[in-house]
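Peer 1: Please see the structure below; I have some questions.
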Amino acid sequence: MDDRSPITTRADFDAVVVGAGFAGMFMLHRLRQQGLKVRVFERGSGVGGTWFWNRYPGARCDTESMEYSYQFDDALQQEWNWPERYSAQPEILKYANHVADRYQLRPDLQFNTQVLSATYDDARHLWTIATNDGKAVSARYFIMATGTLSVANKPKFAGLDSFKGRVFYTSDWPHDGVDFSGRRVALIGTGSSGIQSTPHIAEQAARLTVFQRTPNFSVPARNRPLTDDERNATKARYGELRNFTYQQPFATQFHLNDVSALSVSAEERRRVYEERWNGLGGLHFMAAFNDLMFNGEANKTVAEFIVDKIHAIVKDPKKAEILAPRNGVVGCKRLCSDTGYFETFNRDNVDLVDVSRSPIEEVTETGIRVDGIDYPVDDIVFATGFDAMTGALLGVDIRGRNGLSLREKWAAGPRTYLGLQTVGFPNLFMVTGPGSPSVLSNMMVSIDQHVNLISDTIRYLDSREVLAMEPEQAAEDGWVSHVNEVADLTVYPTCNSWYLGSNVPGKTRVFMPYVGFNTYVARCKDVVANGYQGFRLERRDAATA
Ligand code: NA7
């Protein structure tokens, strides 16, 4: 009998975790607390996941820092002081490193190591995990904590290899930063990353040309330094506030104005939007009324408001027309939160090219060609997003029972039960996987809930000598249908977005996250209370019988 766990094992590790972002670090901490032997593999050279890689100028979280932080240890949340309402990337990375040191996580973290494959051995109930250093280890549990936005979408423009200047990706930014002084810079992509970096690059570069395919909605973040009084007020009620966020549909304190946008007069609506725009700002904007994400007509009212704002800010009417999303649905693509984005287009050194009708034709040695026109540039910045939610999971060649390939199983879109597990892959757990609230919630809260659920589940399995756990087919099918039914009650499926995978050429269009963190939590509790309803647990006596 191995003294690490009640189950006889010749595995190298009880659990192997992939990724040392916020999910992987907390997973390691929890499982070690339970006495398990864990190894975390991380392809980067440090902790922090998203915040390790996305170091582009202006990178900042769109969730308030007092909420976008761990809650598992009150001492940690009391001692850490967030300087700003929305933290910039360096501050979040500093926090991640602090956590790694404070909980002495580093001995079990193996950096610069990419997991290539993971193969389940049915007879031994073990996973074999192969890494790019030519080694392989075995583990009873295989946990993907690989994040939802961690594999870049890199458009393959013709001629890109011939470009003589510098090429950067916001999702893999040089650690020493980039000096754009005196350079002519092209920026491709106007999602959060493009919108956040535009004002910073424009300030430094000789000329910035933004190539926009789809206009995006963005609202002012209203970021500012936090005062001691504000921090202390939150800390004094942290427990209560954290409990409150657990009961919210987006796992965050959105200050919901619980009335329909259509139940008030046009003047009142404008007053409310104006107040949100100037006051709370950021993603709170979508809580200005309770039906903006559920009713297309209500959504139109907020869309019109933002379009008017863009026209009021941007002085050149031609640029304003390109920037303002006509017939757009606010929040359908994730709403962006900016500081001075639209204002940047009033600068003399900033141009805007609409590539919605004529896509980028090619990259030449000296620039970018669109519709027969050459735009000479020295540097190209790609802010073209991610192969979201499934990219990193399918980046590893995962083979379950009888050699079943996850890539093949998910060829027509991801299928999971609760975003936690998928049929045919016993003891494989996903932290914030497709089918869980993940990106439609405050990620730190979703990570907290999922990591606690997975670690509690592993304790349960070990205490009952369960060798293998996976969903029942009916439970998985039912959950996939449910995720789609709930999404269909919202405006999310009405546009192309990375929530649907439609930003990546060739990816199947399926809505991936679950809408409603609070209902999801309640569902998980029920499942557990009913003896892991919907999961098949293979016990040792059954296996050996
Ligand atoms: P996003 O939001 O996916 O934005 C990517 C942008 O890149 C978006 O404007 C895309 O246009 C554009 N894009 C992608 N491919 C191309 C090509 N081939 N040509 C021109 N433009 C292109 O990624 P971000 O990194 O900004 O943000 C991701 C999330 O991180 C964000 O939602 C926050 O949660 C944090 P499209 O709209 O597809 O037409």
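Here's the yes/no breakdown for (1) open to solvent by less than 50 Å² (accessible area, probe 1.4 Å); (2) among the β-branched types (Val, Ile, Thr); (3) within 16 Å of the ligand (Cβ to nearest atom); (4) free of Cβ contacts under 8 Å to residues at least 60 places away in the same chain:
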position	(1), (2), (3), (4)
GLU465	no, no, no, no
LEU489	no, no, no, no
THR494	no, yes, yes, no
VAL510	yes, yes, no, no
VAL515	yes, yes, yes, no
TYR520	yes, no, no, no
ASP526	no, no, no, yes
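Peer 1: Here's a check for you: in segment 171-191, which residue that is in a strand (DSSP E or B) and crowded, with 22+ Cβ neighbours inside 10 Å is farthest from the ligand (Cβ to nearest atom)?
Peer 2: Initial filter on segment 171-191 (in a strand (DSSP E or B)): 181, 184-188.
Going one step further and asking which of them are crowded, with 22+ Cβ neighbours inside 10 Å, we end up with 185-188.
Working: VAL185: 16, ALA186: 11, LEU187: 10, ILE188: 5 Å.
The selected residue is VAL185.
Peer 1: Looking at segment 31-68, which of its residues are among the polar types (S, T, N, Q) and either within 14 Å of the ligand (Cβ to nearest atom) or closer than 20 Å to MET443 by Cα (or both)?
Peer 2: The first filter runs over segment 31-68 and keeps only residues among the polar types (S, T, N, Q), leaving 33-34, 45, 50, 54, 63, 65.
Of everything in segment 31-68, those that are among the polar types (S, T, N, Q) and either within 14 Å of the ligand (Cβ to nearest atom) or closer than 20 Å to MET443 by Cα (or both) turn out to be THR50, ASN54, THR63, SER65.
Peer 1: Give me the pairs: first residue in segment 155-171 and closer than 22 Å to THR190 by Cβ, second residue within 13 Å of the ligand (Cβ to nearest atom) and in a helix (DSSP H, G or I), beta-carbon distance under 7 Å, and six or more apart or on different chains, which are they?
Peer 2: Note: pairs meeting the criteria are THR170/SER193; THR170/SER197; SER171/TRP53.
Peer 1: Looking at (1) of a type outside the set (Val, Ile, Thr); (2) at pLDDT 95 or above; (3) over 22 Å from MET443 (Cα atoms); (4) surrounded by fewer than 23 Cβ atoms within 10 Å (Cβ to Cβ), which is the only condition ALA15 fails?
Peer 2: (4)
Peer 1: Shifting gears a bit: Mind listing just one residue for me: the one in segment 71-102 that is among the aliphatic types (A, V, I, L, M) and assigned to a helix (DSSP H, G or I) and, of those, farthest from GLU230 (Cα to Cα)? Spell out how you get there, then give the answer.
Peer 2: Kept after step one, since they are among the aliphatic types (A, V, I, L, M), are these residues of segment 71-102: 75-76, 88, 92-93, 96, 99-100.
Still in the list and also assigned to a helix (DSSP H, G or I): 75-76, 92-93, 96, 99-100.
Working: ALA75: 18, LEU76: 17, ILE92: 19, LEU93: 22, ALA96: 22, VAL99: 23, ALA100: 26 Å.
Out of the qualifying residues, it is ALA100.
Peer 1: Only one of (1) open to solvent by less than 60 Å² (accessible area, probe 1.4 Å); (2) in contact with a helix residue (DSSP H, G or I) (Cβ under 6 Å, 6 or more places away or on another chain) is not met by THR131, so which one is it?
Peer 2: Result: THR131 passes all but (2).
Peer 1: How many residues are more than 15 Å from the ligand (Cβ to nearest atom) and in contact (Cβ under 8 Å) with a residue 12 or more places away in the chain if we restrict to segment 346-356?
Peer 2: Step one: filter segment 346-356 for residues more than 15 Å from the ligand (Cβ to nearest atom), giving 346-351.
Subsequent filtering for residues that are in contact (Cβ under 8 Å) with a residue 12 or more places away in the chain retains 346-347, 349-351.
Adding up the residues that qualify gives 5.
Peer 1: Hey, among the residues in segment 317-343 that are of a type in the set (Lys, Arg) and within 11 Å of the ligand (Cβ to nearest atom), which one's farthest from GLY58 (Cα to Cα)? Explain how you work it out, then say what you get.
Peer 2: Taking segment 317-343 and keeping what is of a type in the set (Lys, Arg), we get 318-319, 326, 333-334.
Add one more test, that the residue is within 11 Å of the ligand (Cβ to nearest atom), and what stays is 333-334.
Working: LYS333: 20, ARG334: 18 Å.
By that ranking, first place goes to LYS333.
Peer 1: Taking segment 9-41 on its own, how many of its residues are farther than 26 Å from ARG124 by Cα and not in a helix (DSSP H, G or I)? First the steps, then the outcome.
Peer 2: Residues of segment 9-41 farther than 26 Å from ARG124 by Cα: 20-23, 25-26, 29.
Filter once more, so that each one left must be not in a helix (DSSP H, G or I): 20-21.
Adding up the residues that qualify gives 2.
Peer 1: Of all residues in segment 128-152, which are within 16 Å of the ligand (Cβ to nearest atom) and over 25 Å from ALA468 (Cα atoms)? I'd like the intermediate steps shown before the answer.
Peer 2: We begin by selecting, within segment 128-152, every residue within 16 Å of the ligand (Cβ to nearest atom); these are 146-152.
Those that are within 16 Å of the ligand (Cβ to nearest atom) and over 25 Å from ALA468 (Cα atoms): THR148, LEU149, SER150, VAL151, ALA152.
Peer 1: Something else about it: Among (1) more than 23 Å from MET443 (Cα to Cα); (2) open to solvent by 30 Å² or more (accessible area, probe 1.4 Å); (3) away from the ligand (no atom under 16 Å from the Cβ), which single condition is HIS125 missing?
Peer 2: (2)
Peer 1: Here is a further query. Name the pairs: first residue in segment 434-459 and more than 14 Å from MET389 (Cα to Cα) and open to solvent by less than 10 Å² (accessible area, probe 1.4 Å), second residue of a type in the set (A, V, I, L, M, F, W, C) and within 15 Å of the ligand (Cβ to nearest atom), Cβ to Cβ under 6 Å, at least 6 apart or on different chains?
Peer 2: Listed pairs, sorted by first residue: ASN442/ALA251; VAL445/ALA251.
Peer 1: So which of ALA202, ALA233 is over 28 Å from ASP351 (Cα atoms), more than 10 Å from the ligand (Cβ to nearest atom), out of contact with any His (no Cβ under 6 Å at 6 or more places or on another chain) and of a type in the set (Gly, Ala, Ser)? Give the derivation first.
Peer 2: Details: ALA202 fails: over 28 Å from ASP351 (Cα atoms).
Just one listed residue meets the conditions, ALA233.
Peer 1: Is there a residue being within 16 Å of the ligand (Cβ to nearest atom) and either open to solvent by 40 Å² or more (accessible area, probe 1.4 Å) or at pLDDT below 95 (or both) anywhere in segment 207-222?
Peer 2: Yes, the conditions are met somewhere in segment 207-222.
Peer 1: Same structure again: For segment 362-371, state whether one or more residues are open to solvent by less than 20 Å² (accessible area, probe 1.4 Å), aliphatic (A, V, I, L, M), within 28 Å of the chain's Cα centre (by Cα) and within 16 Å of the ligand (Cβ to nearest atom).
Peer 2: No.
Peer 1: Taking segment 147-170 as the search range and keeping residues that are polar (S, T, N, Q) and open to solvent by 30 Å² or more (accessible area, probe 1.4 Å), which one is farthest from LEU352 (Cα to Cα)?
Peer 2: So in segment 147-170, the residues polar (S, T, N, Q) come out as 148, 150, 153, 162, 170.
Keeping just the survivors that are open to solvent by 30 Å² or more (accessible area, probe 1.4 Å) gives 150, 162.
Working: SER150: 28, SER162: 24 Å.
Only one residue fits best here, namely SER150.
Peer 1: Do you know which residues across segment 372-386 are within 12 Å of the ligand (Cβ to nearest atom) and either open to solvent by 40 Å² or more (accessible area, probe 1.4 Å) or hydroxyl-bearing (Ser, Thr, Tyr) (or both)? Break it down into steps so the answer makes sense when it comes.
Peer 2: Restricting attention to segment 372-386, the residues satisfying the condition of being within 12 Å of the ligand (Cβ to nearest atom) are 380-386.
Hit for segment 372-386 is THR384, nothing else.
Peer 1: Somewhere in segment 387-395, is a residue at pLDDT below 95 and of a type outside the set (Asp, Glu)?
Peer 2: Residues of segment 387-395 at pLDDT below 95: none.
So far as segment 387-395 goes, no, none of its residues is at pLDDT below 95 and of a type outside the set (Asp, Glu).
Peer 1: Tally the residues that are over 25 Å from VAL439 (Cα atoms) and open to solvent by 60 Å² or more (accessible area, probe 1.4 Å), restricting the search to segment 256-265.
Peer 2: 2
Peer 1: Exactly one condition in (1) more than 13 Å from the ligand (Cβ to nearest atom); (2) open to solvent by 60 Å² or more (accessible area, probe 1.4 Å); (3) closer than 15 Å to THR190 by Cβ is false for PRO359; which is it?
Peer 2: (1) is the only condition that PRO359 fails.
Yes or no, residue by residue, for (1) among the charged types (D, E, K, R); (2) touching a residue at least 40 places away in the same chain (Cβ under 8 Å); (3) assigned to a helix (DSSP H, G or I); (4) touching a Leu at 6+ places or on another chain (Cβ under 8 Å):
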site	(1), (2), (3), (4)
SER193	no, yes, yes, no
GLN196	no, yes, yes, no
HIS200	no, yes, yes, no
LEU208	no, yes, no, yes
PHE211	no, yes, no, yes
ASN223	no, yes, no, no
ASP229	yes, no, yes, no
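Peer 1: Sticking with this one: What's the total number of residues in segment 227-255 that are of a type in the set (Gly, Ala, Ser) and surrounded by 15 or more Cβ atoms within 10 Å (Cβ to Cβ)?
Peer 2: Count: 1.
The values are calculated or read from the model by the stated rules, or taken from the named source; none is laboratory data. Here the structure is a predicted model, which means the values were calculated and not measured. Heads up, the Cβs are rebuilt from the backbone with ideal geometry, glycines too, and the neighbour counts pull from every protein chain shown. Please note that ligands, DNA and RNA were not included when accessible areas were found on the heavy atoms of the full protein model with its side chains. Shrake-Rupley method; radii C 1.70, N 1.55, O 1.52, S 1.80 Å.
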